[in-house]
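S.K.: Below is the structure I would like to discuss, written out as structure tokens.
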Amino acid sequence: MTLVRRFGTALLGTLLMLSAVPARAQAEDPEAYGDGYQAGDYGRVRFAENGVSILRADSEDRDSAEEAGTVNSPIFPGDSLRTDRDQRAEIQLANGTLVRVDVESDLALQSLPATGASYQDNAVLLLSSGTVQIVADRLGKDEFRVDTPS
């Protein structure tokens, strides 16, 4: 029985190591990411309860611009997030700031600071409807702005 257990453990270890090889290869190959996540240092969806809709700013066709956002979906300047009555989302910006988007919200990310930029830029969000919560360790003067219709 001990020989079978040792063989099984060795086989399991070998399978685990071999299964990690494609993931490592993908992480080192920028072309393996079709969504351009590595090229964008702006933010990502960190949490999505029942999903979130992302309207991409760079899409030429408005009908195909909306996509279902999932955890780790990249976020870029100009994108918009929409939540339905049973959805909530949280995005993490490159500087670590969290933006929590509540149910039935429509949020446009008009401007997002890039990490490593040579000049200080600020984040400008447009909240058309709904509620957001901003969680940040520290924000400088005029570093973050949320515009609303009212």
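Bear in mind these aren't lab numbers, they're just calculated from the coordinates by the rules spelled out. No experiment lies behind these values; they were computed from the predicted model shown. Counting neighbours? That spans all protein chains shown, and the Cβs are built from the backbone with ideal geometry, glycine included.
S.K.: Suppose the chain between Arg85 and Glu66 were pulled fully straight at 0.36 nm per residue; how much longer would it get relative to their current alpha carbon spacing?
M.R.: Full extension from Arg85 to Glu66 adds 5.1 nm.
S.K.: Determine, for each peptide in 87-100, 125-138, the mean count of other beta carbons within 10 angstrom over its residues, then list the peptides with the highest first.
M.R.: 87-100, 125-138
S.K.: Working out 0.36 nm times the residue gap between Ile134 and Val146, then minus their Cα-Cα distance, what length gain in nm do you get to one decimal?
M.R.: 3.4 nm
S.K.: Can you compute the FRET efficiency between Asn122 and Arg100 using 1/(1 + (r/R0)^6), with r the Cβ-Cβ distance and R0 = 22 Å? Round to the nearest 0.05.
M.R.: Step by step, r from the Cβ atoms, then E = 0.70.
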